[in-house]
Amino acid sequence: MKTDLDTLLIALYVLVDDHVIPAEPTRRPGRPKRLTDAELVCLAVAQVLLGARSEHHWIRTCYVRLGHLFPYLPNQPGYHKRVKAAAPLICRATEYLATLCPSFTDDLRLFDATPVPCGTSRETVRRSELAGLADYGYCASHSRWYWGLKLYLLTTIEGMPVAWCLANPKLGEREVAQELLAHARDRAVLRDGMIVLTDKGLAGKEMERFATDQAGVLLVRPDRKDEKRRYGNLAGMRQWIESVNDTLKGQLDLEQHGGRTEAGVYARVAQRLLALAAAIWLNWATDAPVKRSLIAYDH
């Protein structure tokens, strides 16, 4: 099979239409949508993979690059509103894709948090609709302050997202991690005896006790200097997590999402995670050597 963007969008459309969108027993009143929900999801994925940050520019690009796949393309305001409203559907599609990959049954998960900046000026901080949700946070890995949110992400070993959330960076990492691990356990993406590889930010006996007793998993992280040797520095394995974050930031423009409202940021982060999930899923299906490679789909 030729792995290119057209192939990915066609395969994703069939999967979403057949398995993710619930069948309606009867048609609702009014005119049917000219752009179906499955087509909308595919457009949202293509936008991210092709690196189109501006929705005005994206709609113009669609006519040239994807016009042969989509009989109808909406205007910019309609597309923007529908993508925000489709955020729950985008999340369901990501969850379903994860279950189709062989790595979903593995006993190892990767967990990390990464900044999602939402503004770079004092005026933005003062007037933004995100002011009640976003806040200032510090990114230790890059030694910088930012204003925005923090993405907490649980993935398989090759980076397939299985659970995630956005949180205020002022909140403690352990508290948010506990909530996310509990949610993942309830959604059956964590099972008894699994190993969750993370960083030193989740150090502490209370956190480890929660992971063991409540989530039923073994939390593995690099050793701190003030404790006995257990796992070492895990430098090679920690690189797996950093490479997932690098894909989200470098190739999928996570930090340039452009969201200005709570719903907008949530939808745009969900878009990027679905784009990553779709590429990994098709790479598994076509037996690509690098499961997280996006090279075949970014042009």
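Rounded to the nearest 10 degrees, the inclination of helix 87-99 to the longest alpha-carbon principal axis of the chain is 60 degrees.
GNM, the chain, Cα, under 10 Å: largest mean-square fluctuation among GLY250, GLY232, GLY137? Comparing GLY250, GLY232, GLY137 in the GNM, the peak value goes to GLY232. Axis angle, to the nearest 10 degrees, between helix 262-285 and the longest C-alpha principal axis of the chain: 90 degrees. Within a straight-line Cα-Cα reach of under 28 Å, LYS33 can be paired with the following lysines, leaving aside sequence neighbours fewer than 8 residues apart in one chain: LYS81, LYS84.
Solvent-accessible surface of the chain, taken per residue with a 1.4 Å probe and all protein chains present: 50 Å². Determine the share of the range 207-273's accessible area contributed by carbon and sulfur atoms, expressed in whole percent, with a 1.4 angstrom probe. The C+S portion of the solvent-accessible surface of the range 207-273 is 47 percent. Of the residues ALA270, ALA177, ALA235, which exhibits the maximal mean-square fluctuation in a Gaussian network model of the chain defined by a 10 Å Cα contact cut-off? Answer for the Gaussian network model of the chain: ALA235.
For the chain, the spread of Cα coordinates along the three principal axes comes to 64, 48, 38 Å, biggest extent given first.
Considering only beta bridges that DSSP places wholly inside the chain, some 75 percent are antiparallel.
All C-alpha pair distances within the range 60-191, sorted into 5 Å bins from zero, spread as 2, 9, 14, 15, 16, 15, 14, 10, 5, 1 percent across the bins. With N as its number of residues, the range 146-299 has a Cα radius of gyration that, divided by 2.2 N^0.38 Å, comes to 1.10. With kT/(6 pi eta Rh) evaluated at 25 °C and eta = 0.890 mPa s, and Rh the Kirkwood radius from Cα pairs, the range 143-191 diffuses with a coefficient of 208 µm²/s according to Stokes-Einstein. Between PRO102, PRO115, PRO22, the Gaussian network model of the chain with springs among Cα atoms under 10 angstrom shows the greatest mean-square fluctuation at PRO22.
Taking each pair of distinct Cα atoms in the range 44-115 once, what is the resulting Kirkwood hydrodynamic radius in Å?
Working: mean 1/r = 0.0678 Å⁻¹.
Evaluated over the range 44-115, this radius sits at 14.7 Å.
For the chain, the longest principal axis of the Cα atoms and the long axis of helix 173-186 meet at an angle of about 60 degrees. Taking the charge dipole of the range 132-242 about its Cα centre, with +1 at Lys and Arg Cβ atoms and -1 at Asp and Glu Cβ atoms, the residue from LEU180, ALA203, LEU154 reaching farthest to the positive side is ALA203. Sorting the Cα pairs of the range 127-166 by distance into bins of 10 Å, from 0 upward, gives 25, 37, 33, 5 percent per bin. Averaged over residues, the count of other Cβ atoms within 10 Å places the peptides 84-90, 182-188 in the sequence 84-90, 182-188, highest first.
Computed over the range 5-97, the alpha-carbon pair-distance distribution with 5 angstrom bins reads 2, 12, 25, 26, 20, 10, 4, 1, each value a whole percent.
The values are calculated or read from the model by the stated rules, or taken from the named source; none is laboratory data. Because the structure is a prediction, the values reported are computed rather than measured. We place every Cβ from the backbone using ideal geometry, glycine too, and count neighbours over all the protein chains shown. Just so you know, the surface numbers come from the protein's heavy atoms only, side chains and all, with ligands and any DNA or RNA stripped out. Shrake-Rupley method; radii C 1.70, N 1.55, O 1.52, S 1.80 Å.
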